Amino acid sequence: MRHPLLPKLRELKLSGMVNTLDLRAAQAAEQQMAPTEFLALLLDDELERRAQNRMTYRLAKSGCDQAKTLALFNFAAAPAINRMLMQDFATCAFIPRHENILMCGPTGVGKSHLANAIALEALKRELHVFSRPTHRLLSDLYAARASGAHHRLLARVLKCDLLVLDDFGLQSLSAQAVQDLYDIITERYERGSIIITSNRAFEEWPQVFGNDLLASAALDRLTHHAHTLVIRGDSYRQRCRRKEHSPTNSTSPVDTDS
């Protein structure tokens, strides 16, 4: 069906209305809607399309993984994690208060997934999120100095509502990287929230800086308004691997060379 409104909606670039016009017109006729009700349905469709487009754009810019949501996190496999606390973080109430979330624990216990899931909730609330592995972000900042993009990248890091630094302390840092990390923490202090995940215990964090003075100043700011979580347990990935290779779940001998 070609509705007479179609060319006008296309000219106005109201594609959300264009895509549902035939459906809504048929619905309006069947339910004998008033013109204002019909218009309200079309406007809702357009608003929904624009909201989805904004979310898609923010997601692409953020560096988050849309598949790692809170709904898909296996809390049964990680009983040490406080589910109610995570749901509270998912409200993102900590962000306008400029509070930080610091998570430490061994590899595979779900730190990165949880940090990503909280970041996705922030994106849904139309907040600006920037998420990167710590070492990669610092490497990008170093490389950006040579390309002339340093100021622009640093501005994104400092001005976003939520900064996620994954795998803090996983790799050693150069003196310049340590200085950049210190500057980021200092500039965002009481201005923007940070989520940090790390395989290192909190007491080991000063060693990452390799500079006692910078470490003391940075960590003092980082922990001042912070929620600290120590997540214990075995690696979820290794538990799954052991389960897959257990005799009860295998129909053929396990290849010990794999």
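Can you say whether Asn116 is surrounded by 13 or more Cβ atoms within 10 Å (Cβ to Cβ), at pLDDT 90 or above and part of a helix (DSSP H, G or I), as far as the supplied structure shows? Criteria met by Asn116. State whether one or more residues within the range 173-186 are under 19 Å from the mean Cα position of the chain (by Cα) and part of a helix (DSSP H, G or I). Looking for residues that are under 19 Å from the mean Cα position of the chain (by Cα) and part of a helix (DSSP H, G or I), one finds at least one in the range 173-186, hence yes.
So, in the range 91-113, how many residues would count as being part of a loop (DSSP other than H, G, I, E, B), in contact (Cβ under 8 Å) with a residue 40 or more places away in the chain and more than 18 Å from Ala71 (Cβ to Cβ)? Here the count works out to 10.
From (1) touching a helix residue (DSSP H, G or I) at 6+ places or on another chain (Cβ under 9 Å); (2) modelled with pLDDT of 90 or more; (3) not assigned by TED's automatic domain parsing to the domain that holds Glu121, pick out the condition that doesn't hold for Ala40. Going through (1) touching a helix residue (DSSP H, G or I) at 6+ places or on another chain (Cβ under 9 Å); (2) modelled with pLDDT of 90 or more; (3) not assigned by TED's automatic domain parsing to the domain that holds Glu121 one by one, Ala40 breaks only (1). Here Gly169 meets the list (1) touching a strand residue (DSSP E or B) at 6+ places or on another chain (Cβ under 7 Å); (2) part of a loop (DSSP other than H, G, I, E, B); (3) surrounded by fewer than 20 Cβ atoms within 10 Å (Cβ to Cβ); (4) not acidic (Asp, Glu) almost entirely, failing just condition (3).
Scanning the range 135-191 for residues that are in contact with a Ser or Thr (Cβ under 9 Å, 6 or more places away or on another chain) and among the aromatic types (Phe, Trp, Tyr) returns Tyr142, Phe168. Within the range 42-90, being surrounded by 17 or more Cβ atoms within 10 Å (Cβ to Cβ), part of a helix (DSSP H, G or I) and in contact (Cβ under 8 Å) with a residue 60 or more places away in the chain holds for Arg58, Leu59, Ser62, Phe89. Here Leu138, Leu165, Leu102 are screened, and the one residue that is under 27 Å from Thr56 (Cβ atoms) and outside the structural domain of Thr56 (by TED's automatic domain parsing) is Leu165. Taking the conditions (1) among the small types (Gly, Ala, Ser); (2) touching a helix residue (DSSP H, G or I) at 6+ places or on another chain (Cβ under 6 Å); (3) surrounded by fewer than 21 Cβ atoms within 10 Å (Cβ to Cβ); (4) not in a helix (DSSP H, G or I) in turn, Ser131 satisfies each one other than (3). Would you confirm whether any residue within the range 5-28 is assigned to a loop (DSSP other than H, G, I, E, B), surrounded by 13 or more Cβ atoms within 10 Å (Cβ to Cβ) and over 18 Å from the mean Cα position of the chain (by Cα)? Yes.
The values are calculated or read from the model by the stated rules, or taken from the named source; none is laboratory data. Note that this is a predicted model, so its numbers are computed, not measured. A quick note on method: Cβ atoms are made from the backbone with ideal geometry, for glycine too, and the neighbour counts reach across all protein chains shown.
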